[in-house]
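What follows is one structure encoded as structure tokens, with my remarks underneath.
The values are calculated or read from the model by the stated rules, or taken from the named source; none is laboratory data. Note that the structure is predicted; figures quoted are calculated from it, not measured. Note: ideal-geometry Cβ built from the backbone for every residue, glycine included; neighbour counts use all protein chains shown. Just the protein is used for accessible areas: all its heavy atoms, side chains included, with ligands, DNA and RNA removed. Shrake-Rupley method; radii C 1.70, N 1.55, O 1.52, S 1.80 Å.
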Amino acid sequence: MKTFLLIPFFVFSTLIYAQKKQLDTILANDSNNVAIFFSNPIKQAITGSDNFIFTYNREKEQYFGLLQAQPGVESNLLVLTSNGKVYSYILKYNKELKILNRFIKEQESIGTEKPIAKNISKIELIEENYENRITFFEKFSHFLLNRNFKSLASKNENGIILRLKAMVYQHSEVYLLMEIENNSGIDFEVNYLKVSISSSNKKRKSSYQDLIQNAIFKYEFPSIVRNSETKRFVYVLPKFVLGKNEKLIIELTEKHGRKIKLKL
């Protein structure tokens, strides 16, 4: 899996040039996608603050990426394209946007990548290291928690409401944004939450199979939801696509026996 970990190696080679050149500012907000098009496919990109998210296709190089932002401090965007050109921009949050599409000219580049050959083998190993993916999981999960989504599905069992707010595909993972609301009058101590895919064969009505989807990462998953509280959290799972005869099953159980099952 290719990540943006190559960036620290080319930052130094372009730093002096970037300091001399005044950087342009790109505005973004949380209700629009700002599409940024480059003259060559994007190879790597990173933002400096977690209130800005720049998404692009890491599996197949494409010419554009989408920028979104939450209110917060200004930051920067650093992009490396497939021809080795480096681009840098200041990022600011603005409630109202006049420009939703930005076309970047090659002459806006602040420099050219100069990889250090002796470090190539080490970089390849670092890119495959699982721990380096955690940073992205955390940033993107945090971003999703602060977004407003209409519920895809919900289930109420005696005042305990389990909601699936969103399913977001990113890279080779799917992010499930979920919510537990407790109006039962009693604190809910979480035992476990299980996600599975239930497949059925219409020709054989008795033929069912549940495939458990193990979480790669959990963000803000609660151990207890007190009465009158609502807790949001994110489950990160390996990417899957539901088939025609498949349903997503989310099962939440309490230590003291209460259970709720949500189907999508």
Among the numbered criteria (1) more than 20 Å from Val174 (Cβ to Cβ); (2) modelled with pLDDT under 85; (3) surrounded by fewer than 12 Cβ atoms within 10 Å (Cβ to Cβ), which single criterion is violated by Ile99?
(2)
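What about Ile36, is it under 21 Å from the mean Cα position of the chain (by Cα), modelled with pLDDT of 90 or more and surrounded by 16 or more Cβ atoms within 10 Å (Cβ to Cβ)?
Values: under 21 Å from the mean Cα position of the chain (by Cα): yes; modelled with pLDDT of 90 or more: yes; surrounded by 16 or more Cβ atoms within 10 Å (Cβ to Cβ): yes.
It is true that Ile36 is under 21 Å from the mean Cα position of the chain (by Cα), modelled with pLDDT of 90 or more and surrounded by 16 or more Cβ atoms within 10 Å (Cβ to Cβ).
Given the criterion in a strand (DSSP E or B) and modelled with pLDDT of 90 or more, identify the matching residue among Ser141, Ser154.
Details: Ser141 fails: in a strand (DSSP E or B).
Within the list Ser141, Ser154, the selection yields Ser154.
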Out of (1) in contact with a strand residue (DSSP E or B) (Cβ under 8 Å, 6 or more places away or on another chain); (2) open to solvent by 20 Å² or more (accessible area, probe 1.4 Å), the odd one out for Asn158 is which?
(1)
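Yes/no per residue for (1) of a type outside the set (Phe, Trp, Tyr); (2) part of a helix (DSSP H, G or I); (3) open to solvent by less than 20 Å² (accessible area, probe 1.4 Å); (4) at pLDDT 90 or above:
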site: Asp50; (1), (2), (3), (4): yes, no, no, no
site: Tyr87; (1), (2), (3), (4): no, no, yes, yes
site: Lys95; (1), (2), (3), (4): yes, no, no, yes
site: Pro115; (1), (2), (3), (4): yes, no, no, no
site: Lys122; (1), (2), (3), (4): yes, yes, no, no
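Within the range 200-234, restricting attention to residues that are modelled with pLDDT of 80 or more and hydroxyl-bearing (Ser, Thr, Tyr), which residue is farthest from the chain's Cα centre (by Cα)?
Filtering the range 200-234 down to residues modelled with pLDDT of 80 or more leaves 211-234.
Next, only the ones that are hydroxyl-bearing (Ser, Thr, Tyr) stay: 219, 223, 228, 230.
Details: Tyr219: 11, Ser223: 23, Ser228: 29, Thr230: 22 Å.
Checking each candidate, the answer is Ser228.
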So is Ser109 under 18 Å from Leu23 (Cα atoms), at pLDDT 85 or above and surrounded by 12 or more Cβ atoms within 10 Å (Cβ to Cβ) or not?
yes
Could you list, in sequence order, the residues of the range 244-257 that are in contact (Cβ under 8 Å) with a residue 40 or more places away in the chain and open to solvent by 30 Å² or more (accessible area, probe 1.4 Å)?
Asn245, Glu246, Lys247, Lys255, His256
